[in-house]
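A quick write-up on the structure given underneath.
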Amino acid sequence: MPKQITPLELQIVLDALTAFPAGASVEQINSTLANRLSHRTLQRRLALLVNENRLTCEGRGRATRYRLAPDPSYPPLSPDRTVAQTAMGVAESDFYPPLSTDGLAVRTAIRAPLQQRRPVGYQRAFLDAYRPNETFYLPTHTRAQLAAMGTPQQPQRPAGTYARHILQRLLIDLSWNSSRLEGNTYSLLETERLLQAGAAAEGRNALETQMILNHKAAIELLVEQVDDVGFNRYTILNLHALLAENLLADPLACGRLRTIPVGIGGTVYHPLEVPQLIGECFTQILESATAIADPFEQAFFAMVHLPYLQPFEDVNKRVSRLAANIPLIRDNLSPLSFVDVPEQAYVEAMRGLYELNRIELLRDVFVWAYERSCARYSAVQQSLGQPDLFRMRHKADIAGLVSAVVKGGKNKQQATTLIRERAGGIVPAHEFGRFVEVVETELMGLHEGNIARYRLRPGEYRSWKAGWM
């Protein structure tokens, strides 16, 4: 009688497969096991997991690949990813980007209580399994879709031309959104005022101000030195030095790979601790990223593997978000500024990466974020596929606040105060941040060609604009 396979033995196989989101062969799976199994024993366990619908199996013979199966309890989403939030079990008020079936499964898994999630360490096999231009985290149709959205309608120009053309807008958007994802409480208008007039916002601490100024310096590096930057030590180390300036307990750690252990709050993931291995993996990440031909795959690879390794004492995610823009700026594509990305969605996507080596949730966030960024820089609504329902729902209130700021002759600091005061009485608490952002964005985009939308007269606009500092 064949030996009974225990649940623990099956779980060990499932855990090994988390290192291979794109699927793995029997040999690859076996190579990650602490105690290797005979080929037949491992095949028997894989077959049982397939029969239980916990794994999927593709190909035949040596080409057979096994992959973790999505939870069958989730309904399939439409191919164009424009599914209503309620179809995902998310109330419209609790905004979350549209998710694929696999992305939804990842989100559910990492929402389990911390005590129920198994502690994990860095999986070198996750990085080793990636083969540039053979392995793809972004499917072919997704890369084509991003290219169609992100390519500006202009003749071929030198590298970085498009980013230089929109630099002032990019500096504000990317500095603010990337800082916001770290919990920074500056508003969009306060960020604009800081970067353009050097005026720090009242009531904000020095660390928040420094974080935004550091982003500005790092973005300028990417744009101004576009011919020199790339996935090389110079670029990534200096990105870190600029982003971390005056923010680390040890100033000497800026721009240097870490030599001490680090922890990540809210997760059961424990990054590498051996400096030599950190250095080896860092070099491997740079070499793999450099070899990737597709700019979007390259950008997403950086967003996956730089924060997963945690090569620096802190500021790793910020480095990865700016590094993702390296190929986009170089190829004159629309940059990725993380417009409208909810902090919760990004944080949960990173936890899925850290704890499960699952990229699907982060991929959903990345693709949606790029759609939003393209719309911001191209001003073409079809990039989104659907109108912004939030703006439609609050159209009258948004217009009323914009009009109040202009007719009241408010400057940026006064406008920020007024918007926040009134927003609390207009929208519920969970929509407060987004409502404020939308009103501030409308004010920043106001010009004589669109003031009629807010029932403003040319004289009112010109008088307000003169004091808009």
* **Simple label model, 7 Å out from Cα along Cβ direction - Gln225 to Met469, nm** => 3.4
* Asked: Rounded to two decimals, what ratio of Rg to Rh does segment 122-182 give with C-alpha atoms and a Kirkwood Rh?
  -> 1.10
* Asked: So what are the ³J(HN,Hα) numbers for segment 452-464, from phi and the Karplus equation (6.51, -1.76, 1.60; θ = phi - 60°), rounded to whole Hz, Gly and Pro as x?
  -> 4, 4, 10, 6, 9, 9, x, x, 5, 5, 5, 5, 5
* Enumerate the lysines that Lys395 could reach by cross-link, defined here as Cα to Cα under 28 Å, with residues fewer than 8 away along the same chain left out. => Lys407, Lys410, Lys412, Lys465
* Structure fact -> So the angle from the long Cα axis of helix 295-309 to the longest Cα principal axis of the chain, reported in degrees to the nearest 10, equals 70
* Asked: Rounded to the nearest 500 deg cm²/dmol, what is the calculated helix-only ellipticity per residue at 222 nm for the chain, with -39500 (n - 2.57) per DSSP H run of length n ≥ 4?
  -> -16000 deg cm²/dmol
* To do: Rounded to whole Hz and in sequence order, give me ³J(HN,Hα) for segment 327-338 from the Karplus expression 6.51 cos²θ - 1.76 cosθ + 1.60, θ = phi - 60°, writing x for Gly and Pro.
  => x, 6, 5, 4, 8, 6, 9, 4, x, 10, 10, 6
* Could you go through segment 398-410 in sequence order and give the Karplus-derived ³J(HN,Hα) for each residue, using 6.51 cos²θ - 1.76 cosθ + 1.60 with θ = phi - 60°, rounded to whole Hz, and x for Gly and Pro? => 4, 4, x, 6, 4, 4, 5, 5, 5, 5, x, x, 6
* To do: Evaluate the distance, in nm, between pseudo-label points positioned 7 Å from the Cα of Ile12 and of Leu389 along their respective Cα→Cβ axes.
  => 4.7
* To do: Only bridges with both residues in the chain count here: give the DSSP antiparallel percent, nearest 5.
  => 60
* Asked: Under 5 Å between amide H atoms, partner at least 5 residues away or on a different chain: which partners does His270 have, H built in plane at 1.01 Å?
  -> Val120, Gly121, Tyr122
* Asked: From the residues Ala24, Ser100, Tyr162, which one has its Cα farthest along the dipole of the chain in the positive direction, the dipole being from +1 and -1 charges on Cβ of Lys/Arg and Asp/Glu about the Cα centre?
  -> Ser100
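Provide the convex hull volume over Cα atoms per residue for the chain, in Å³.
Dividing the Cα hull volume of the chain by its residues yields 157 Å³.
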* Structure fact -> Placing each pseudo-label 7 Å from Cα in the direction of the beta carbon, Gln196 and Arg62 end up separated by a distance in nanometres of 6.2
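Assigning unit charges at the beta carbon (Lys, Arg +1; Asp, Glu -1) and nothing else, what dipole magnitude in debye, to the nearest 20, does the chain show about its Cα centre? Intermediate values should be presented prior to the final figure.
Numbers: 51 positive and 48 negative charges, 122 e Å.
So the dipole magnitude of the chain works out to roughly 580 debye.
Using r as the Cβ-Cβ distance of His447 and Leu277, and R0 as 41 Å, what FRET efficiency do you calculate, to the nearest 0.05? Walk me through the numbers before you get to the answer.
On the way: r = 54 Å, r/R0 = 1.31.
Step by step, r from the Cβ atoms, then E = 0.15.
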* Provide the gained length on full extension for the span Leu114 to Asn133, in nm with one decimal, where the gain is 0.36 nm per separating residue minus the Cα-Cα distance. => 3.2 nm
* Asked: If you take the beta carbon distance between Arg40 and Arg256 as r and set R0 to 45 Å, what does 1/(1 + (r/R0)^6) give as a FRET efficiency, to the nearest 0.05?
  -> 0.40
* Structure fact -> Helix 360-378 sits off the longest principal axis of the Cα atoms of the chain, rounded to the nearest 10 on a 0 to 90 degree scale, by 30
* **Nearest-ten-degree value, helix 7-17 long axis tilted from longest Cα axis of the chain** => 50
* To do: Estimate the FRET efficiency between Glu343 and Arg455 by the formula 1/(1 + (r/R0)^6), using the beta-carbon distance for r and 51 Å for R0, to the nearest 0.05.
  => 0.90
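If Lys and Arg each add +1 and Asp and Glu each add -1, what is the summed charge of the other residues whose beta carbon sits under 15 Å from the beta carbon of Asp128? List each step's numbers first, then the result.
Numbers: positive: Arg124, Arg131; negative: Glu27, Glu134, Glu280, Glu287.
That works out to -2.
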* Structure fact -> Any residue on another chain or 5+ positions along whose placed amide H is under 5 Å from the amide H of Leu248 is listed here as none
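Read-outs: derived from the displayed coordinates by stated rules, not from any lab. Source: prediction; values computed, not measured. Note that we place each Cβ from the backbone using ideal geometry, even for glycine, and neighbour counts take in every protein chain shown.
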